[in-house]
Amino acid sequence: MVGLARDSPELRPFTTRTATEVLEQALASGHRVLLEGTQGTSLILYHGSYPYVTSRDTSVAGTVAEAGIAPRRVRKVVMVCRTYPIRVEDPPGSTSSPMSQEIDWETVAARSGYEADTLKATERGSVSGRLRRVGELGWQLLRRNSHLNGATNIALTFVDYLDRRNEQVRRFEQLQPETIRFIEEVECVAGAQVSLISTRFHPRSIIDRRRW
């Protein structure tokens, strides 16, 4: 038997208001609201590479609509990008999704200075535990996804995969010159500033260049 939370005496205190009501009250009171979308833009049902898509709209527009927030309320759109895009491992006899410039972790290791085994130990599915696929950053896809989401800022992750020496950096100007040039190219193509830079897989290792 399937029941609704509102019909359970134990859960009723937590179901007195809808999420839309809570968010509207927060916005009316002048609070800031942060929405985090799920999955990637390329998996959008309407604009992705069918059939390698999910069953919903994963764009900013879809995220805002599902939360019940009017589009005019949105002030900033932070698009998260990896220096090397990933996909889940191909299932037997099929593919999880085409990658235009697929490479391997040995290539990333040679460029970054990491050991390939270290990368392979990290880059595994959180549920399946299978090794992820990896590819070069798709510049055309970056431009398209930035346009589709109306990105105002970029959060770029895994710059240590460009050069391991970046993992100890705490300021933008300390990044390796090639990494800075890479970031400048991302900004040019996406039409948005790279405002947040993750230098390694750690919540405190972020260079914050925001002006807001």
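Throughout, read-outs are computed from the coordinates displayed, never taken from laboratory work. Every value quoted in this text rests on a predicted model; they were computed, and no experiment measured them. Cβ sites come from the backbone with ideal geometry, for glycine too, and all protein chains shown count toward neighbours.
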Exercise. How high is the relative contact order of the chain, in percent, with contacts defined as C-alpha pairs under 8 Å that are six or more residues apart?
Worked result: 17
For this session: Determine, from the Cβ-Cβ distance of LEU35 and ARG12 and an R0 of 22 Å, the FRET efficiency 1/(1 + (r/R0)^6), rounded to the nearest 0.05.
Result: 0.25
Seminar exercise, completed: Extension length gain for TRP212 and GLN140 (0.36 nm per residue less Cα distance), in nm, is 23.1 nm
Seminar exercise, completed: For the chain, whose charge dipole is built from +1 on Lys and Arg Cβ atoms and -1 on Asp and Glu Cβ atoms, the candidate among GLY37, GLY93, LEU142 with its Cα farthest towards the positive end is GLY37
Exercise. Extension gain LEU131-ASP104, at 0.36 nm per residue separation less the Cα-Cα distance, in nm?
Worked result: 8.7 nm
Problem set entry | Point-to-point label distance, GLN174-HIS47, nm (Cα→Cβ direction, 7 Å offset) | 3.7
Problem set entry | Candidates ALA151, ALA26, ALA116, ranked by Gaussian network fluctuation over the chain, Cα under 10 Å, top entry | ALA26
